[in-house]
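Visitor: Structure below; questions to follow.
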Amino acid sequence: MRYPEGNMIKYFSAAALIATATATLLVAPATTAQAQSPTCSTAIDLINAAVDSSGDSFDLATQQALADRLHGLAAVSSGEEQRVIAAYADALIDDNVTYLTPFTDDLNRVCA
């Protein structure tokens, strides 16, 4: 698939999001605590849905649509969650960002 010159496709490790979510569920107590806040859970669900529908990379339309949804979610969250969700959304549409791994790692650190 070809993209207009100057536009980049974002690559990331979907396995990192899924592995962290799974590891958190395995370690967390079954009845007394949630592994994630509803905001983090929604952010990860949105990202995973985009990954499932697009494969190993996001095209420009997917990047923009996901960034818009994550910015909306960040707007109704607070603290570190707001920061990492907004940073991930910004990275999606920043032409200077090639790999999302650092942003994924930060999201996992805060949301796990």
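The values are calculated or read from the model by the stated rules, or taken from the named source; none is laboratory data. What you are looking at is a predicted structure, and each value in this text was computed from that prediction instead of being measured. We place every Cβ from the backbone using ideal geometry, glycine too, and count neighbours over all the protein chains shown. SASA here: full protein model, heavy atoms, side chains in, ligands and nucleic acids out. Shrake-Rupley method; radii C 1.70, N 1.55, O 1.52, S 1.80 Å.
Visitor: What FRET efficiency do you get for SER53 and ARG83 if R0 is 25 Å and r is their Cβ-Cβ distance, rounded to the nearest 0.05?
Guide: Values: r = 26 Å, r/R0 = 1.06.
Calculated transfer efficiency: 0.40.
Visitor: Using R₀ = 35 Å, calculate the FRET efficiency as 1/(1 + (r/R₀)^6) where r is the Cβ-Cβ separation of VAL76 and THR98; round to 0.05.
Guide: Numbers: r = 29 Å, r/R0 = 0.84.
Efficiency for this residue pair is about 0.75.
Visitor: Can you work out ³J(HN,Hα) from phi for every residue in segment 95-112, in order, using Karplus 6.51 cos²θ - 1.76 cosθ + 1.60 and θ = phi - 60°, giving whole Hz and x for Gly and Pro?
Guide: Using θ = phi - 60°, the values come out as 5, 7, 9, 9, 10, 8, 3, x, 6, 5, 4, 5, 4, 5, 4, 7, 8, 7 Hz.
Visitor: What does the charge add up to near VAL84, with Lys and Arg as +1, Asp and Glu as -1, over the other residues with Cβ less than 14 Å from its Cβ?
Guide: Working: positive: ARG83, ARG109; negative: GLU80, GLU81, ASP90, ASP105, ASP106.
Combined, the nearby Lys, Arg, Asp and Glu give -3.
Visitor: Using a probe of 1.4 angstrom, how much of the accessible area of segment 36-112 is carbon and sulfur, in percent?
Guide: Of all accessible area on segment 36-112, carbon and sulfur atoms account for 50 percent.
Visitor: With all protein chains present, calculate the accessible area of VAL76 using a 1.4 Å probe and round the result to the nearest 10 Å².
Guide: Taking all protein chains as shown, VAL76 has close to 120 Å².
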